[in-house]
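Below is one structure, written out as structure tokens; comments come after it.
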Amino acid sequence: MTIKLYDIAHSRAGDKGNTLTLSLIPYNADDYELLKMQVTAEVVKQHLSAIVAGEITRYELPNLPALQFVCQQALTGGVTTSLTMDTHGKSLSYALLEMQLTV
Amino acid sequence: MKETIRIGCGAGFSGDRLEPAVILAQRGQLDYLVLECLAERTIALAQKRKRQNPALGYDPLLERRIDLLLPHLIANNVRLITNMGAANPLAAGQKIIEIAQRLTIPVTVAVVTGDDVFAQLTGNESALETGNPLSASGMLISANAYLGTDAILPALATGANIVITGRVADPSLFVAPLVHEFGWSLDDADLIGQGTVIGHLLECAGQLTGGYFADPAGPKAIPDMAHLGHPFADVSANGRAVFGKVAGTGGRLSVATAKEQLLYEVMDPSRYITPDVVADFTQVSLEEVGPDQVQATGGRGTTRPNTLKVSVGYDGGYIGEGEISYAGANALDRAQLAGTIIQERLQDRFSDLRIDYIGSTSVHRTNFGHNPAPYEIRLRVAGRTTPAQLAALVGEEVEALYTNGPAGGGGARKYVHEVVGIVSTLIDRHQLTPHVTVLQS
């Protein structure tokens, strides 16, 4: 069965210069292991290939639980000089949540 | 000493709503109200306003906010801490005195200066983002170091009703009153780390109380968004914090809303660097202890860094934009034809040109394969360049699609705006000499 990340987790995007941060927080803590297994930095890099040009680092926060993705070269130069519509990349949390998982 | 200190956050950015801060000052039973109003670029823009008029350069909403808040702050004995001084904290302090005199309210304002390090930079310092010298980005127009709690404490010690600063680290606006009230040591990295967690959770105001969290579908539905309340925290001397909001305001405070805010703009969650501490968020525990009440414990930290981050503004030229809409049969194809025409007409004169199809791929830069034919689509073209006149050509070319085609283009708009770019560098914290000036009405 295929599900969308949107159905089991929430996310907020943040920006630091040209770097995008994306949290990924399961609604149900029991889904953390599934996210940890399937939503690897490599898979996210592939999913966001139209958006993120640089490296993606994943941090694990089992205590919350949540994952945090830090994506380099993701904001076409950063908020001040970018020509994109969403210069902060604030809407990109919902780009991550478009990802499909097989469960 | 009070057992708990209540700190509210009435604004999470310069353009934030005015009303939630008034409700906090009026009915929040606060000890401190913080207004966080400075983003990276805000201060560089403020430096430009100051250059045009030396009496300006503070937050454009300062007068409106102070006018509304001052009677409640004084009546309820709430101290205000804010970075609305932006590029000109002294002028901001004087403006507050002027307002207090008009309202015949006696007030003392402590002004924190010393973040402006423009005169100390040569331009040869290397930019953290690129590794190149700062001056390679463009003509430098401002440089402001992030001051910390140690710069705010002497201002609090004056007993002033209002503490106004320029560039300080956002969490320090909250850590400073905690250190001041509880006598925490700045060397107690775990306490300061927990204080930083509290500040980070509060600093974006409505982002903690369900505002930026809300999605009408399912588990993210939030009640009464139109009357969204801003948060406060009750903090104990041991650092334990319980977050809440004023009864009767809209929104929701839950473990889920707190988790989203805890990780907002965080790079390495085990190393969140501020002028006060290198905070560790990985052991934070969040627990719902009542309706719209969330407890946060477990923030930690290690010793503060010897360097401070400096935000450097540079002249980034101009961005010109043009937009036009297409609707009905073949709308996307007609918009794409228009985009191709503009591209061909402008590409030789712009190294940085962007063509977006609003309603399809403009925001995520992809649509992940969702390709239903949209009923309407808006073409948007943007280009960045140095001369303002050339930037204006982008909008002119888009507007000219009216008569030159393709068919049915409508609602053209054109814009030109000045760009202030931002790069960062580091400065030895000992090179700074923060100063406090006390003003009285």
Inset, instruction - Could you check, for region A:67-77, whether at least one of its residues is among the hydroxyl-bearing types (Ser, Thr, Tyr), modelled with pLDDT of 95 or more and in contact with a strand residue (DSSP E or B) (Cβ under 9 Å, 6 or more places away or on another chain)? - result: no
Inset, instruction - Could you tell me which of the residues B:GLY199, B:GLY210 is within 14 Å of chain A (Cβ to nearest Cβ), within 19 Å of B:ALA21 (Cα to Cα) and in contact with a helix residue (DSSP H, G or I) (Cβ under 8 Å, 6 or more places away or on another chain)? - result: B:GLY210
Inset, instruction - Return yes or no: is B:ASP16 outside any helix (DSSP H, G or I), surrounded by fewer than 24 Cβ atoms within 10 Å (Cβ to Cβ) and acidic (Asp, Glu)? - result: yes
Inset, instruction - Those residues that are of a type in the set (S, T, N, Q) and more than 7 Å from chain A (Cβ to nearest Cβ), I need them from region B:260-284; list them, please. - result: B:GLN261, B:SER270, B:THR274
Inset, instruction - Considering only region B:412-434, state which residues are in a strand (DSSP E or B), out of contact with any Asp or Glu (no Cβ under 6 Å at 6 or more places or on another chain) and surrounded by 12 or more Cβ atoms within 10 Å (Cβ to Cβ). - result: B:VAL416, B:GLU418, B:VAL419, B:VAL420, B:GLY421, B:SER424, B:LEU426, B:ILE427
Inset, instruction - Could you pull out the residue among A:GLN68, A:GLN38 that is out of contact with any helix residue (DSSP H, G or I) (no Cβ under 8 Å at 6 or more places or on another chain) and more than 10 Å from every other protein chain (Cβ to nearest Cβ)? - result: A:GLN38
Legend entry - Test: residue in region B:374-384 that is at positive phi, within 14 Å of chain A (Cβ to nearest Cβ) and in contact with a strand residue (DSSP E or B) (Cβ under 6 Å, 6 or more places away or on another chain): no
Legend entry - Top-ranked residue of region B:135-155 - restricted to ones that are outside any strand (DSSP E or B), away from every other protein chain (no Cβ under 14 Å) and under 23 Å from the mean Cα position of the chain (by Cα), ranked as surrounded by the most Cβ atoms within 10 Å (Cβ to Cβ): B:THR149
Inset, instruction - Mind listing whichever residues of region B:281-322 are without any contact (Cβ under 8 Å) to a residue 60 or more places away in the chain and of a type in the set (Val, Ile, Thr)? - result: B:THR282, B:VAL289, B:VAL294
Inset, instruction - Among the helices (runs of 4 or more DSSP H) lying completely within chain A, list those that include at least 3 residues that are over 21 Å from B:TYR357 (Cα atoms). - result: A:5-8, A:32-38, A:41-47
Legend entry - Unmet requirement for B:GLU323, which otherwise passes all of (1) in contact with a Pro (Cβ under 8 Å, 6 or more places away or on another chain); (2) surrounded by 19 or more Cβ atoms within 10 Å (Cβ to Cβ): (1)
Inset, instruction - Kindly list the number of the only condition in (1) closer than 27 Å to B:ALA217 by Cα; (2) out of contact with any helix residue (DSSP H, G or I) (no Cβ under 7 Å at 6 or more places or on another chain); (3) more than 10 Å from every other protein chain (Cβ to nearest Cβ); (4) in contact (Cβ under 8 Å) with a residue 60 or more places away in the chain that fails for A:ASP15. - result: (3)
Legend entry - Of all residues in region B:196-217 being of a type in the set (Gly, Ala, Ser) and not in a loop (DSSP other than H, G, I, E, B), the one that is farthest from B:GLY250 (Cα to Cα): B:GLY199
Legend entry - Residues located in region A:40-60, provided they are in contact with a Lys or Arg (Cβ under 8 Å, 6 or more places away or on another chain), among the aliphatic types (A, V, I, L, M) and within 23 Å of B:THR282 (Cβ to Cβ): A:ALA41, A:VAL44, A:ILE56
Inset, instruction - Using the structure shown, decide if B:GLY218 is surrounded by 24 or more Cβ atoms within 10 Å (Cβ to Cβ) and without any contact (Cβ under 8 Å) to a residue 40 or more places away in the chain. - result: no
Inset, instruction - Answer yes if at least one residue in region B:122-142 is on the phi > 0 side of the Ramachandran plot, modelled with pLDDT of 95 or more and in contact with a Pro (Cβ under 9 Å, 6 or more places away or on another chain), and no otherwise. - result: yes
Legend entry - Any strands (runs of 3 or more DSSP E) falling wholly within region B:292-408 and containing at least 3 residues that are closer than 30 Å to A:LEU61 by Cα: B:293-297, B:300-302, B:307-327
Inset, instruction - Go through (1) buried (at least 16 other Cβ atoms within 10 Å of the Cβ); (2) at the interface with another protein chain (Cβ under 8 Å from one of its Cβ atoms) one by one and return the number of the condition A:LEU48 breaks. - result: (2)
Legend entry - Index of the failed condition, B:GLN336 passing every other in (1) over 31 Å from the mean Cα position of the chain (by Cα); (2) within 14 Å of chain A (Cβ to nearest Cβ); (3) within 19 Å of A:ALA50 (Cβ to Cβ); (4) in contact (Cβ under 8 Å) with a residue 12 or more places away in the chain: (2)
Legend entry - Odd one out for B:LEU80, checked against (1) surrounded by fewer than 22 Cβ atoms within 10 Å (Cβ to Cβ); (2) more than 14 Å from chain A (Cβ to nearest Cβ); (3) not small (Gly, Ala, Ser): (1)
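The values are calculated or read from the model by the stated rules, or taken from the named source; none is laboratory data. From a predicted model like this one, the values you see are computed outputs, not experimental measurements. Heads up, the Cβs are rebuilt from the backbone with ideal geometry, glycines too, and the neighbour counts pull from every protein chain shown.
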